[in-house]
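First up is the structure itself, then whatever we jot down about it.
Bear in mind that the values in this text are calculations on the coordinates, not laboratory data. Remember, it's a predicted structure, so these values are computed and weren't measured experimentally. Every residue, glycine as well, gets a Cβ built from its backbone with ideal geometry; the counts of neighbours run over all protein chains shown.
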Ligand SMILES: [Zn+2]
């Protein structure tokens, strides 16, 4: 999965030390990110490459995290050489780009970029938020409101019935591949209750024996995904929620039309079932 960058390690402890010339500069504009394409994948600009045209770059930055001894920073308003090999790319590039630790750093930085961008002002009193020195937190000095990074819990659900698994396609999205059922946890429920509720809402089925598989930070949508398998309980007749899904069908293990890909927990859960490992 995208976060599996071993033997490297992403250290997300907030240590706002200043950048140096070798530090990586992550620059985003909405859904796009500044990268350099290389024969072996992608890389990011270093501060040393940007300093000539961006004198203030060593003053205006936000420390993000480190991967081993490589530090990543968020930067704003970059000037770049007209003939530079840096290009703005859609952040979807991180699903498959190499090296994987840069891809994971790039998408994790994107989640933080969105959080900082969306919390400039205090949601309670409207004053400017300021960055705390000691932890990754924004606070309002006027009303003492505190904001922490946004992470939304959600579930991925592998509904199985003996040798069959339920797969679906989303309605009205650009993502057209087969997926598993999924949904966000609502306030006041456990993640197991989310599983049962989402299955009932999306396909009208009852489930039992809900069991946790794995989790995945999914920065594309500010989400922490938690994967569960569960067994069909009773009728297998699907009643589709057409606002959410364009189709949902049962697949025998041997007929699953999905191949392994690197990025997602959904894909890993489908492939595990296909291979008879769950
Ligand atoms: Zn305030």
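What the table below lists for this structure:
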item: Using alpha-carbon coordinates, inclination of helix 191-203 to the longest axis of the chain, degrees; result: 60
item: Share, in percent, of DSSP beta bridges within the stretch 152-274 that are antiparallel, nearest 5; result: 70
item: Gap separating the Cα centres of the stretch 106-126 and the stretch 168-239, nearest whole Å; result: 27
item: Cα centroid separation, the stretch 127-142 to the stretch 1-73 (Å); result: 22
item: Calculated FRET value between residue 120 and residue 9, using beta carbons and R₀ = 41 Å, to 0.05; result: 0.85
item: The stretch 152-274: relative contact order as a whole-number percent, Cα under 8 Å and 6+ apart; result: 33
item: Distant alpha-carbon pairs in the stretch 1-129 (separation over 20 angstrom), percent; result: 45
item: Pair residue 150, residue 173: separation of 7 Å Cα→Cβ label points (nm); result: 1.7
item: Exposure proxy order (Cβ contacts within 10 Å, fewest to most) of 213, 27; result: 213, 27
item: Gain on full stretching of the segment that runs from residue 51 to residue 141 - 0.36 nm per residue minus C-alpha separation; result: 29.2 nm
item: Value of Rg/Rh across the chain [Cα atoms, Kirkwood radius]; result: 1.03
item: Extension gain, residue 83 back to residue 221 (0.36 nm per residue minus Cα-Cα distance, nm); result: 46.4 nm
item: Degrees separating the helix 265-274 axis from the principal Cα axis of the chain, which is the longest one; result: 30
item: Cubic angstrom per residue, convex hull over Cα atoms of the stretch 98-246; result: 163
item: R0 of 45 Å, Cβ-Cβ distance residue 98-residue 240: FRET efficiency to nearest 0.05; result: 0.75
item: Point-to-point label distance, residue 255-residue 133, nm (Cα→Cβ direction, 7 Å offset); result: 6.5
